[in-house]
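See below for the structure under consideration.
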């Protein structure tokens, strides 16, 4: 690995959980050409198991399929997109991801030819938000009880 590649990988590891690169075929099919090694640690899936868009969709939480599909449609229209959705890891754990995706428009092809992205694992953040929301809800319920008693 040359200096630039090593430097790039170092930056990606610090700012995201993993990064990916899809090639988009003329028929709109997306083929994953690479993911960083942290993808396996987070999802449990090997690169060979996720080589197409359809395979990625298979580990997206069923309730979030529409979010993932809308993101794909947005990207294929040439617009960058940021989406949050849940995945089900190979081990059966639910994790929240924030996906920053950027399409590359091929002028000669007149369509999107690549999609680059970086993904953050935001599971801890979502759990913290849930805890805060539950705490606030409990606090407001307690205040209502106290106000009624007074």
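The values are calculated or read from the model by the stated rules, or taken from the named source; none is laboratory data. All values reported here derive from a predicted model rather than from experimental measurement. Here the Cβ is made from the backbone with ideal geometry for all residues, glycine too, and neighbour counts use every protein chain on show.
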- Task: Give the range 69-82 a look and list any residue that's surrounded by fewer than 18 Cβ atoms within 10 Å (Cβ to Cβ) and either part of a strand (DSSP E or B) or on the phi < 0 side of the Ramachandran plot (or both), or say none.
- Result: 69, 70, 73, 74, 76, 77, 79, 80, 82
- Message: Every residue in the range 32-41 that is crowded, with 18+ Cβ neighbours inside 10 Å and not in a loop (DSSP other than H, G, I, E, B), please.
- Response: 32, 35, 39
- Total residues in the range 1-27, condition at pLDDT below 90 and more than 14 Å from the chain's Cα centre (by Cα): 14
- Considering every residue within the range 46-54, establish whether at least one is surrounded by 14 or more Cβ atoms within 10 Å (Cβ to Cβ), in contact with a helix residue (DSSP H, G or I) (Cβ under 9 Å, 6 or more places away or on another chain) and within 17 Å of residue 102 (Cβ to Cβ). yes
- Scan the range 96-109 and give yes if some residue there is in a helix (DSSP H, G or I), modelled with pLDDT of 65 or more and surrounded by fewer than 13 Cβ atoms within 10 Å (Cβ to Cβ), otherwise no. no
